[in-house]
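Notes for the one structure printed next.
The values are calculated or read from the model by the stated rules, or taken from the named source; none is laboratory data. These numbers come from a predicted model, not from an experiment. Note that we place each Cβ from the backbone using ideal geometry, even for glycine, and neighbour counts take in every protein chain shown. What goes into the accessible areas is simple: the full protein's heavy atoms, side chains included, and nothing from ligands, DNA or RNA. Shrake-Rupley method; radii C 1.70, N 1.55, O 1.52, S 1.80 Å.
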Amino acid sequence: MSLVGGTPIVELKNLRKPGMARILVKLEYMNPTGSHKDRIATYMIGEAEKQGILKPGGVVVEASSGNTALSVAWVAAQLGYKAILVVEEGASPVKIGLIKALGAKVVEVSGGYEEALKTAEEIAYKEGGVFLNQYDNEANVKAHYETTAREIYTQTGGILDAFVMGIGTCGTIAGVAMYLKEKAENVKIIGVVPRGAAIPRGLGAVGERIEGLSHDGIPNIYRRYRELIDRLEEVGFREALDYMRDAIKFEGIMGGLSTGANLCIALRVAEELGRGVVVTLAPDSVMRYLHLVS
Ligand SMILES: Cc1ncc(COP(=O)(O)O)c(C=O)c1O
């Protein structure tokens, strides 16, 4: 468990042009299962233990086909819990294989995320387990407030002007924003969403699909913490892909698609600022998106 967090931060050397602010990228893909979600899985399970709703050898349930599924499976395996992951039909067989290799059970559903959510609730009830529900769980925000944000603050010496982050559950940007705004009032918080997404445009809108970022829903954490976000920026799939490739080629940053989206906006903000420091994350690794680089 001690391997979670404490990730390195690197500065862009080649994509940054003269006259731009410096850009620092925190490499969250260095976490054990390859994403920032190891932090929240640790916290969500830890909080359930503290609240006494998760007993030794108990069951944790989550609805996720993405990074969180792997993180929950990994943390549960480390701590001796049984993990049940409800995934949407069509999830990558490689990812399902890895979740199973970690000892977790996988339940596939066909009705999209709503169906996954309902099924996860039912399973948790039947098994006497805990439904973690990252989209609504305060421990998601707390994980980033207490770990990611503090690390950023220490690694930058508290000197930063903007934080740029893609919004999926909204946990990362909410937790980091809350901490930074307490410590450095003038820091600007910029949220990144897929072009056409529901967050800026309202329910019913379905944005371009950038894995990990919310394209057709408005997470409850966003509803609770939206005032911490100073500005939203939209990014298209193609731009995210181009910047993901540029990060690999010119910076050796092996981030995934949302890293590309983050960098696209971080560079724009750095240009606007002209000086100072912009911080963003590489939430996961290109190894999850090899089909997009071949
Ligand atoms: C690859 C990737 N990037 C970004 C995010 C967004 O992070 P958060 O859920 O903390 O808003 C996620 C969340 O699922 C993700 O998997």
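General observations
- Residues located in region 268-294, provided they are basic (Lys, Arg) and either in contact with a Cys (Cβ under 9 Å, 6 or more places away or on another chain) or modelled with pLDDT of 95 or more (or both): 268, 275
- Whether a residue is open to solvent by 40 Å² or more (accessible area, probe 1.4 Å), in contact with a helix residue (DSSP H, G or I) (Cβ under 9 Å, 6 or more places away or on another chain), over 16 Å from residue 165 (Cβ atoms) and outside the structural domain of residue 64 (by TED's automatic domain parsing) was assessed, and residue 237 passes this test.
- Looking only at region 167-203, residues that are closer than 24 Å to residue 236 by Cα and more than 20 Å from the chain's Cα centre (by Cα) come to 3 in all.
- Of residues in region 58-90 being surrounded by fewer than 20 Cβ atoms within 10 Å (Cβ to Cβ) and modelled with pLDDT under 95, the one nearest to residue 289 (Cα to Cα): 90
- Flag for residue 204 being over 16 Å from residue 28 (Cα atoms), more than 12 Å from the ligand (Cβ to nearest atom), open to solvent by 60 Å² or more (accessible area, probe 1.4 Å) and not hydrophobic (A, V, I, L, M, F, W, C): yes
- So residue 175, is it open to solvent by less than 30 Å² (accessible area, probe 1.4 Å), modelled with pLDDT of 95 or more, within 15 Å of the ligand (Cβ to nearest atom) and assigned to a helix (DSSP H, G or I): yes
- All of 245, 195 fail the test of being more than 14 Å from the ligand (Cβ to nearest atom), in contact (Cβ under 8 Å) with a residue 12 or more places away in the chain, surrounded by fewer than 18 Cβ atoms within 10 Å (Cβ to Cβ) and not small (Gly, Ala, Ser), apart from 245.
- Residues located in region 259-294, provided they are buried (at least 24 other Cβ atoms within 10 Å of the Cβ) and part of a loop (DSSP other than H, G, I, E, B): 283
- Helices (runs of 4 or more DSSP H) completely within region 102-157 that count 2 or more residues being open to solvent by less than 20 Å² (accessible area, probe 1.4 Å) and away from the ligand (no atom under 14 Å from the Cβ): 112-127
- Hits in region 1-33 (condition: aliphatic (A, V, I, L, M), assigned to a loop (DSSP other than H, G, I, E, B), over 16 Å from the mean Cα position of the chain (by Cα) and crowded, with 18+ Cβ neighbours inside 10 Å): 12, 15, 20, 21
- Any chance residue 256 is of a type in the set (Gly, Ala, Ser) and surrounded by fewer than 20 Cβ atoms within 10 Å (Cβ to Cβ): no
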